[in-house]
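To start, the structure under review is shown below, and the notes come after it.
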Amino acid sequence: MITALQLKAPKTPISLPASDGDLHYVTECLTEAELHQIKQRLHQGERQKAARGALRLSVPVGLAHDRSSGIILNPDEEVQARLSLVFAKFRELRSARAVMRYLRKNDLPLPVRPILGPAPHDVVWRKANSPRVLSILQNPAYAGAYVYGRRRLEGGRIRRDVYRPKTTKVPIADWEVCLQAAHPGYIGWEEFMENQRRLANNINRYEAGHSGVPRKGAALLQGIAVCGRCGRRMSLRYSGPAGDYPVYTCRADRDQDGGPLCQEVRALPVDARVESTLLEALTPDKIAIAIAALGQVEAETRQLERQWALRRERARYEAERARRQYDAVEPENRLFAGVRLGREATRRRGDRTRLRTLAVRRASGRERAGSRSAAKAGRRSRRSRKQAS
């Protein structure tokens, strides 16, 4: 009976769902809230594990995981030599696009590790392009750093009825975890930061203080000439019947305000004066400079020969591996194996022929480049004397 039990009404009335549909809606809301809390706990645990450097992250092609889950350099000697060449040429040329042109000129592909497909992912070789070179130069793992939080999901868009999140890069100062010297690398952290400053400075934004990267042209001071009247950088244009006479132009007023040109100066007399001043300053050290230049050319030649020697060694290994595969096939199945392996042998023979052709072209191209540079220097000296007279 109810008289034996004292019932108390709650202070706030409980509103029960009016129907089964409302009850299902409340259950869905509670389930979604629980899933959100579980996801937050998982993310928090992942961050704490990354802060200790214990979270296993994917590594670029130049690195690999050993049996104890540590990070080491890729055991492939050709991969190490090619990545070291990229950093060395950027140290010399100071431009990612110039490094890409150098690799394509000498037919040196870059190693790539595919993301899709079953693990372990084998290294494949692809032609050099600007995104691949930049991905190598901008990856802190090659500097021996363990980094978590380089990219962040911010917003997104719906495309073909599918929500696709947007990934943005996070500045270096805002990385959640950055453990320097956590594993072996190809360069040091100081050189990595210097490379990032150089890449940012290569963007031609003069108003932001970026000097830009040197470009091709017949003028000597392109990109670094400064107007003596207004103090702004001067651009370059070419005049003459054949368009081979460079002219330094200060056109900032015309481009920004629609006003007249500040001034124009012919480049040949200015370049001749700069050349004579530079040569006078270097006169006491001519022999030392010539010897240093010769040593630099010899070092670059040895570097290229090493790259090609590694490529030849890889080709010999693949050919020997194909022969062993053919010998391991049973005699009654060798007809099928001969057809299949014959296609691979034909492809490898074509690759070897192409490599020999490229080597001959590279040697003849160096000879033609030397003759063209000598002829160009003669034409420049004749123009300079003509302008001076």
**Prompt:** Residue check, E34 against (1) in a helix (DSSP H, G or I); (2) at pLDDT below 85; (3) surrounded by 11 or more Cβ atoms within 10 Å (Cβ to Cβ), all met but one. Which one?
**Reply:** (3)
**Hey, K89 charged (D, E, K, R), assigned to a helix (DSSP H, G or I) and under 24 Å from M193 (Cβ atoms) or not** = yes
**Message:** Can you say whether L103 is touching a residue at least 12 places away in the same chain (Cβ under 8 Å), at negative phi and within 18 Å of the chain's Cα centre (by Cα), as far as the supplied structure shows?
**Reply:** yes
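Rundown of residues vs (1) farther than 27 Å from A218 by Cα; (2) modelled with pLDDT under 75; (3) touching a Leu at 6+ places or on another chain (Cβ under 8 Å), yes/no style:
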| position | (1), (2), (3) |
| --- | --- |
| G258 | yes, yes, no |
| A272 | no, no, no |
| T277 | no, no, no |
| I289 | no, no, yes |
| Y326 | yes, yes, yes |
| A337 | yes, yes, no |
**Request:** Run E77 past the list (1) on the phi < 0 side of the Ramachandran plot; (2) buried (at least 16 other Cβ atoms within 10 Å of the Cβ) and report the number of the one that doesn't hold.
**Result:** (2)
**Asked** Taking R132, is it at pLDDT below 90 and surrounded by 15 or more Cβ atoms within 10 Å (Cβ to Cβ)?
**Response** no
**Complete:** Scanning segment 238-254 for residues that are over 18 Å from A272 (Cα atoms) and within 34 Å of the chain's Cα centre (by Cα), the one surrounded by the fewest Cβ atoms within 10 Å (Cβ to Cβ) turns out to be R251
**Item:** Residues being assigned to a loop (DSSP other than H, G, I, E, B), surrounded by fewer than 15 Cβ atoms within 10 Å (Cβ to Cβ) and modelled with pLDDT of 90 or more - total across segment 97-129
**Value:** 2
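The values are calculated or read from the model by the stated rules, or taken from the named source; none is laboratory data. For clarity, every value in this text was computed on a predicted model and none was experimentally measured. When we count neighbours, we look across all protein chains shown, and the Cβ atoms used for this are built from the backbone with ideal geometry, even at glycine.
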